[in-house]
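Remarks on the structure that follows.
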Amino acid sequence: MSKTQKNGKMIKGTAAGLTVVLLGTVFAACNDAVVAAPLAVGNKLTVIEGMELDYDNAFFDDFTGGVDPANWYIGKQSWGANGNGGVVPENVNYTDDGVLVFTGNGEYYTEGDVKSVGVRRDGTLSGGALISKFVTGPGRYEIKMKALPRLGACSAFWTFAFDNDTNGNHEIDIELPGGNRSHAISFENVLNTNYITEQLNLSNDVDISAATGGKITNFADGEWHTFGFDWYTLEEGDDESRREEDGSCGKVVYYVDGVVTTVNDIFVPYYQSRLWLGVWFPNNSGFVGDANFATDYMYVDWVRYTPFVGQPAVEFVPAITGDVASENEYPKAPVATVNVNKIANGDFEYVLDGKTNSGWGMYKRAIEDADLKLIRDRIAADNPEMTASEVRAAANEERKRLQGLDAGEYITVADGVGYKSSSGIKIEKIGLAGHTVDSVYDGFTHEFKFRAKGKGTFNVVYMGHGTAFIEEKRFDIDSEDWREYTFTYTAPAGTKRVEIELTSGFDVAAYFDDVSMRLV
């Protein structure tokens, strides 16, 4: 990311250039934190004995009225080794009640309104980020947010400073989803990492249910959660001579909703930094998964930084080397939040723009006994001279022919096929159109809605990790005219994702349009 100025020196006190807001009762809930208790995973957050939070020099922003250019840069840049669409100001907005909205456009984004930066220029794999204009140091960092609840998009809250002279990368990260250490990327985990160089870092992949005793099970639940970390550069008895060797002075204490999730006392940063927040796309399936969705959102209610009294830090002003938005690119008016359709391109309008990466896969279902009987009956009716044995042989040959055809022979996505002659999908014979929605967990209730005509099925298949089948819900379609169907299902225990399957009867085509799946 950013590079920084040279020749830092150790100072004590609060961060220079900080906008100060006196919060009064806003901090009332924090006063409990000064009660001494062991700093251990699963315990209530406390400050280290003898340390003190400097509420008089705290910074707080609830984004009422939007993004204040006095406090924040809006990123307009890209980073990451595998290429993406970067972070752009078009993906940073706010609501009229002061919620910050970061838009994330995944692989199946087809609308094309956002052009983005970096390797991707078509808006795919593009997010948004804020960077503090003020510099921060040791203290308490908090954000109340809803993570973007899809794999492939990294919802993050972090400090960052880079020193060219020492190759020092002083960084503290909270990133979602987690799970990359266990090779099961999910929102049941959060990743907590601190660095003093790219090579010297300590990363904790936290199972949130275990850390909180089951109080929180996942972060794709659509609920507000407060994430944070306490950054100490020095504790009583620390050997400061080891700081540059391994950062073994101080601690970073990570937490969620007031419960400690990680306590790290090695590779602890000691340079002043800038505060970053937002959503971006690593384009690395081993890190946060693949971004197999169109558009979703990260929401932020507020951000707070409270310095610690007397904690030392290297005086350092990180440079902003990537592009940032000009003030005329800041959001000018509030936007409305939406109940996101988890089905990408369910209206099938992407074909009008010649797009193909829609999220809908074309497959073939198995030929069932009832289908084979239809084939035999038709062959027998058209060839009365055939014996029963000859009919069976001919039917088997026809089955082989059908199975050998490309799935595209049975599935058509085109304008004029859908409801009121709009774009839609037509499925025939053994065609199966499939779409996968990740990050669906136990107890999630969704409303499914679609339009259809013909004869076929709308199947909702609940899956666990890998190929683990949990449960299937089958909704039969049998209508000569277009009808709208609506039903609600709740994910059973063990669910990790949903697979939508659209099929037709063997002898009658099925047509589908306006497919949606929304959390309720």
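Observations on the structure shown:
- At 1.306 mPa s and 10 °C, Stokes D of segment 129-204 from Kirkwood alpha-carbon radius, µm² per second: 115 µm²/s
- Computed FRET value (nearest 0.05) for Ala414 with Glu390, which takes r as the C-beta separation and R₀ as 51 Å: 0.85
- Length-normalised contact order of the chain in % [C-alpha pairs under 8 Å, at least 6 apart]: 17 percent
- When the helices of the chain are scored as -39500 (n - 2.57) per DSSP H run of n ≥ 4 and the total is divided over every residue, the value at 222 nm lands at -2500 deg cm²/dmol.
- Surface/4 of the Cα convex hull for segment 38-186, nm²: 12.5 nm²
- If only the Cβ of Lys and Arg carry +1 and only the Cβ of Asp and Glu carry -1, the dipole of segment 435-489 around its Cα centre is close to 140 debye.
- Where only alpha carbons of segment 73-129 are counted, the Rg and the Dmax (Å): 11.2, 37
- Computed over segment 132-286, the ratio Rg/Rh where both radii use C-alpha atoms and Rh is Kirkwood: 0.96
- Summing Cβ point charges (Lys, Arg +1; Asp, Glu -1) relative to the Cα centre of segment 210-321 gives a dipole of roughly 300 debye.
- Averaged per residue, segment 28-182 has 34 square angstrom of accessible surface, using a 1.4 angstrom probe with ligands and nucleic acids left out.
- Candidate lysines - alpha carbon under 19 Å from Lys400, same-chain residues fewer than 8 apart omitted: Lys364, Lys373, Lys429
- For segment 105-157 versus segment 324-378, the spacing of their alpha-carbon centroids is 22 Å.
- Between Asn345, Tyr363, Val314, the Cα set farthest toward the positive side of the dipole of segment 294-375 (charges on each charged residue's Cβ, about the Cα centre) is that of Tyr363.
- Dividing the C-alpha radius of gyration of segment 168-219 by 2.2 N^0.38 Å, with N its residue count, gives 1.21.
- Listed by chain and number, the aspartates and glutamates placed with their C-alpha closer than 14 angstrom to that of Lys76 are Glu90, Asp323, Glu327, Glu329; residues fewer than eight positions away on the same chain are left out.
- Kirkwood analysis of the Cα pair distances in segment 265-343 returns a hydrodynamic radius of 17.6 Å.
- For the chain, convex hull of alpha carbons as volume per residue, Å³: 156 Å³
- Dimensionless Rg over Rh [segment 364-405; C-alpha; Kirkwood]: 0.98
- Carbon/sulfur fraction of accessible area - segment 390-520, other protein chains in place, 1.4 Å, %: 42 percent
- Alpha-carbon centroid distance for the pair segment 484-520 / segment 233-257, whole angstrom: 51 Å
- Taking only protein heavy atoms and a 1.4 Å probe, the accessible area of segment 34-104 is 47% carbon and sulfur.
- For segment 393-520, the Kirkwood hydrodynamic radius from C-alpha pairs, put into Stokes-Einstein at 20 °C and a viscosity of 1.002 mPa s, yields a diffusion coefficient of 137 µm² per second.
- Note that segment 333-432 carries a Kirkwood radius of 16.6 Å, evaluated over its alpha carbons pair by pair.
- Looking at segment 309-426, the accessible area is 56 square angstrom per residue; that uses a 1.4 Å probe and ignores ligands, DNA and RNA.
- Apportionment of accessible area to carbon and sulfur, segment 170-321, percent (1.4 Å): 42 percent
- Tilt relative to the chain, helix 369-382 - C-alpha long axis, 0 to 90 degrees, to 10: 30 degrees
- Note: relative contact order over segment 306-441, using C-alpha pairs below 8 Å and six or more positions apart, is 29 percent.
- Projected-area average for segment 224-269 over all orientations - Cα convex hull basis, square nanometres: 3.2 nm²
- The calculated pair-distance distribution of segment 422-475 uses every alpha carbon pair, bins of 10 angstrom beginning at 0, and gives 15, 50, 28, 6 percent.
- With Cα atoms, 0 to 90° folded angle of helix 388-404 axis to the chain main axis: 30 degrees
- Normalised by the number of residues in segment 55-124, the mean separation of alpha-carbon contacts (under 8 Å, six or more apart) gives a relative contact order of 32 percent.
The values are calculated or read from the model by the stated rules, or taken from the named source; none is laboratory data. Everything numeric here is computed off the predicted structure, so don't read it as measured data. Counting neighbours? That spans all protein chains shown, and the Cβs are built from the backbone with ideal geometry, glycine included. Each accessible area value is taken on the protein alone, full model and side chains, heavy atoms only, with ligands, DNA and RNA left out. Shrake-Rupley method; radii C 1.70, N 1.55, O 1.52, S 1.80 Å.
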